[in-house]
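Below: the structure, in structure tokens.
Derivation of every value follows stated rules applied to the coordinates shown; laboratory data play no part. If you're wondering where the values come from, they're calculated on a predicted model, not measured in any experiment. Quick reminder, even Gly has a Cβ in these numbers, built from the backbone with ideal geometry, and neighbours come from all protein chains shown.
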Amino acid sequence: MSGPEGSSIKNVRLCVVAFLKENKMTDIEYMKIAFNEALKAYKEDEVPVGAIIVKDNVIISQAYNLKEKKQLVTKHAEIIAIEEAEKLLKTWHLDDCTLYTTLEPCLMCSGAIIQSRIKRVVYGCSENRWSSLSSLLKKESLNHYPTITAHIYEKECSMLISSYFKEKRVNNRISLEV
Ligand SMILES: [Zn+2]
């Protein structure tokens, strides 16, 4: 767009970009938003994992695990967030995006992260039982390696998951005893 109208839109856009740069949120602030998504999963009796995707300091998608509700193994928080971001940006290239997730991504989600070229992954607590993102990134034959920041808001993310599984075990015991 040209003329005075176009330049005023350009000015507004520059102001917004400047505002977002100045008000850049920290990793822990973004992780708290992902944690809120995980809480939604917890309330719906899903494994409590939440994820958000950030591009140019703007949250472009947020999601939580819906595997049980949808009965679809692919409905992990990270995959849903990736799909939403791709729909919004109209491309599968998420090169300039950062994905925040409360739990270290599993192998399925790690595959999607690598395939979509996500630049950076920030996660809360580590996945210690199964192979996951950190074990996959040790391989030398991948076509993309995102940078990783781990252990952000770790205690809270970890406690949420362990209390979910603790409750599950108690409930299973009760139902066996009844
Ligand atoms: Zn996953």
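Brief remarks follow.
- For region 62-178, a simple Cβ point-charge model (Lys and Arg +1, Asp and Glu -1, everything else neutral) yields a dipole of about 240 debye relative to the Cα centre.
- Over the chain: helical MRE at 222 nm, DSSP H runs n ≥ 4 each giving -39500 (n - 2.57), nearest 500: -16000 deg cm²/dmol
- Entries of 119/139; 43/119; 10/32; 67/168; 40/67 with Cα pairs more than 22 Å apart: 43/119; 10/32
- Vicinal HN-Hα couplings computed from phi for region 51-65 (Karplus, 6.51 cos²θ - 1.76 cosθ + 1.60; Hz; Gly/Pro x): 9, 9, 10, 10, 10, 6, 6, 10, 6, 9, 7, 8, 7, 9, 4
- Between residue 159 and residue 71, the contour length at 0.36 nm per residue exceeds the alpha carbon distance by 29.2 nm.
- For residue 79, net neighbour charge (Lys/Arg +1, Asp/Glu -1) across residues whose Cβ lies under 15 Å away: -3
- Across the chain, Cα pairs under 8 Å and at least six residues apart give a relative contact order of 18 percent.
- Area projected by the alpha carbon convex hull of the chain, averaged over all directions, nm²: 12.6
- Sorted peptide list for 24-35, 116-127, 157-168, 43-54, criterion being average Cβ within 10 angstrom, highest first: 43-54, 116-127, 24-35, 157-168
- Cα lying deepest toward the dipole's positive end in the chain, options 111, 53, 146, charges on Cβ: 111
- Span-like helix ranges in the chain, DSSP H, alpha carbon extent 20 angstrom or more, Kyte mean at least -0.5: 3-22, 27-43
- Hits among aspartates and glutamates - C-alpha to C-alpha of residue 155 under 19 Å, sequence gap 8 or more where chains match: 27, 29, 37, 104, 127, 167
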